[in-house]
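Q: What follows is a single structure, and I will ask about it in a moment.
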Amino acid sequence: STVDVKPELTSSNPLEEVNQLGTDITTARKDQINVLSPGWFTKAENSYFDAKNGLETGMETAKVLQLVTTAKAQLHKANETAKLSQSTLAEAIESRRMARRAGATELGKDYIQAENKFLDLTRSVEKNDLRQAKKNQPKVSELFHALEVRAIKEKTIGEARSLIEKAHDDGTRKIAPHTYTQARKKLEQTDAFISANPHDTEV
């Protein structure tokens, strides 16, 4: 929980330093450092907020700059840990990326549960418990893969499924049984195909 680097400040101007730190924090979040090293990123972000608040409330320049130095050291540690997460958890990271690309973040609590399991993996990396992280990685990867397939199905056949269910409720199954059965069969075939070939978007 300690940092072993002493970053150099590029200036003695606290406003410049705090603004640059804010940019660095934003860049780190875009680079997913907040999930690849959640603990260290949160510490860095909190130190940044403390420095920014100190600047706005008239804190001594030396104290503001000390907070900036602390935040930079924590952010450096977060970046280093993120690299270790990327090499240790490549499979889970890729499954998560594919699920998010498919729109899995719209699946609500099921996605949040998977994301929390992923954060457990990266926290294990932060604790240098790589054995535990590797052990639990396959389960998390499979969770994201299942969410990816669900998201793909929702996008491609979600409307068709809703229409067929409505047709069933409206009594179409009795009025036009052959057409209803054909539609239901096509839907089931498509559902099975997507399960087996989720990335074959052209078909």
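The values are calculated or read from the model by the stated rules, or taken from the named source; none is laboratory data. The shown structure was predicted, so the numbers you read here are calculated from the model rather than taken from an experiment. Accessible surface is based on the protein model in full, side chains and every heavy atom, while ligands, DNA and RNA are left aside. Shrake-Rupley method; radii C 1.70, N 1.55, O 1.52, S 1.80 Å.
Q: Any idea of the accessible area per residue across the range 1-122, 1.4 Å probe, to the nearest Å²?
A: Per residue, the range 1-122 has 55 Å² of solvent-accessible surface.
Q: Follow-up. On the Cα set of the range 106-147, report Rg and Dmax in Å, please.
A: Final numbers for Rg and Dmax: 10.7, 32 Å.
Q: Then there is this: Taking all protein chains in place and a 1.4 Å probe, what share, in percent, of the accessible surface of the range 51-161 do carbon and sulfur account for?
A: That fraction is 48 percent.
Q: Starting from the exponent 0.38 and prefactor 2.2 Å, build the expected Rg for the range 54-127 from its residue count and divide its actual Cα Rg by it.
A: 1.56
Q: In the structure displayed, which of Lys63/Lys109; Lys30/Lys153; Lys117/Lys155; Lys72/Lys153; Lys63/Lys127 lie more than 32 Å apart, Cα to Cα?
A: Numbers: Lys63/Lys109 42 Å; Lys30/Lys153 28 Å; Lys117/Lys155 25 Å; Lys72/Lys153 43 Å; Lys63/Lys127 29 Å.
Checking Cα-Cα distances, Lys63/Lys109; Lys72/Lys153 exceed 32 Å.
Q: Hull surface divided by four, with the convex hull built on the Cα atoms of the range 1-130: how many nm²?
A: Taking the Cα atoms of the range 1-130, their convex hull projects to 8.8 nm² on average.
Q: I'd like the Karplus ³J(HN,Hα) series for the range 105-119: coefficients 6.51, -1.76, 1.60, θ = phi - 60°, whole numbers in Hz, and an x wherever there's a Gly or Pro.
A: Working through the residues one at a time gives 5, 7, 8, x, 4, 5, 5, 4, 4, 5, 4, 5, 5, 5, 5 Hz.
Q: Using each residue's phi in the range 32-39, evaluate 6.51 cos²θ - 1.76 cosθ + 1.60 at θ = phi - 60° and report the 3J(HN,Hα) Karplus result to the nearest Hz, with x for Gly and Pro.
A: 6, 5, 5, 9, 7, 8, x, x
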